[in-house]
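Asker: Pasting in a structure now, in structure tokens, and then I'll have a few things to ask.
Nothing in this text is a laboratory measurement; each read-out follows from the coordinates by a stated rule. Values in this document were obtained by computation on a predicted structure and should not be read as measured data. Positions of Cβ are backbone-derived with ideal geometry, glycine not excepted, and every protein chain shown enters the neighbour counts.
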Amino acid sequence: MPSAPPIRPLIAGNWKMNKLPSEAVPWLRTLLDRLAAAPHDHCDVLLNVPATHLVPMAALARGTDVRLGAQDVSAHAEGAYTGELSAAMLRDAGASFVIVGHSERRAYHAENDALINAKLGAALAEGLVPILCVGEREDERLAGCAREVVLEQLAGDLEGIRLAGADELVIAYEPVWAIGTGRTATADDAQEMGSAIRADLVARYPESGASMRILYGGSMKPGNAAELLAKPDVNGGLIGGASLDADQLLSIVEAAR
Ligand code: PGA
């Protein structure tokens, strides 16, 4: 396989169900001030926040290079789906990205690959960039089938998904055992899986697979980010806990240089 061209890293926070909208606005103001003082043209910065936070945060982020995303999307475009949020609603509220298939949704909301596939289609139809999360559980890694699990997820999730370019989709490799546990995959393990994902993407999308962003997620912190981000198939991070703290997030942005 030809070596991939340099890919602009994406440093993406995943706030999960944390902070109130009223806390998020002054937090973002501080982050924007600090980013303005520390040029960061080497990477893109994105915050995937609770949907209630999008409108006030987007008002503040308008005109800056900080992007906003949501953490889930309905598979349906509109209608009688109480409690759901459509891709069009999220886009209208200020999101340009959306996390799809996070392991917490797969585990706690029984999301399977067929549903995730439908959600990807719904997001893409509205021009949202999905961040598709894949990753093995600890028992699967111990059984030696981590790679098969991840490739099977990709096969189910991406079935029939057509893309016009490399910027339309982001993949996040998140080993489930590393999420929120303080345990991180080694940089070599992250690269090994990143390269398996890359080969799959290139086979699936010959025009754009080599330039698509593959993130690593799972206890990425200032102390381990540089080593992970130095790998060719770790083109950024999906960062939970550390993205709630502006100092830590800014350190990871620096580590992406
Ligand atoms: P973590 O979460 O950085 O807190 O491990 C990552 C994620 O779940 O996306």
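Asker: Which residues, counting only those in region 162-177, are within 17 Å of ARG198 (Cβ to Cβ) and either away from the ligand (no atom under 16 Å from the Cβ) or over 16 Å from the mean Cα position of the chain (by Cα) (or both)?
Answerer: LEU163, GLY165, ALA166, ASP167, GLU168, LEU169 - these are the residues of region 162-177 that are within 17 Å of ARG198 (Cβ to Cβ) and either away from the ligand (no atom under 16 Å from the Cβ) or over 16 Å from the mean Cα position of the chain (by Cα) (or both).
Asker: Name the residue, out of LEU115, LEU85, LEU124, LEU90, that is closer than 21 Å to GLU140 by Cβ and away from the ligand (no atom under 16 Å from the Cβ).
Answerer: Only one candidate passes the filter, namely LEU115.
Asker: Restricting attention to region 178-235, and to residues there that are of a type in the set (Lys, Arg) and away from the ligand (no atom under 13 Å from the Cβ), which single residue is farthest from VAL45 (Cα to Cα)?
Answerer: Residue satisfying both the conditions and the ranking: ARG204.
Asker: So, in region 83-110, exactly how many residues are within 17 Å of the chain's Cα centre (by Cα) and not basic (Lys, Arg)?
Answerer: Residues in region 83-110 being within 17 Å of the chain's Cα centre (by Cα) and not basic (Lys, Arg): 13 in total.
Asker: While we're here: Mind counting the residues in region 109-144 that are surrounded by fewer than 17 Cβ atoms within 10 Å (Cβ to Cβ), assigned to a loop (DSSP other than H, G, I, E, B) and among the hydrophobic types (A, V, I, L, M, F, W, C)?
Answerer: 2
Residue-by-condition table, conditions (1) in contact with a Leu (Cβ under 9 Å, 6 or more places away or on another chain); (2) without any contact (Cβ under 8 Å) to a residue 40 or more places away in the chain; (3) under 27 Å from GLN191 (Cβ atoms):
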| position | (1), (2), (3) |
| --- | --- |
| ALA110 | no, yes, no |
| LEU120 | yes, no, yes |
| ALA125 | no, no, no |
| VAL129 | yes, no, yes |
| LEU132 | yes, no, yes |
| GLU138 | no, yes, yes |
| GLY144 | no, yes, yes |
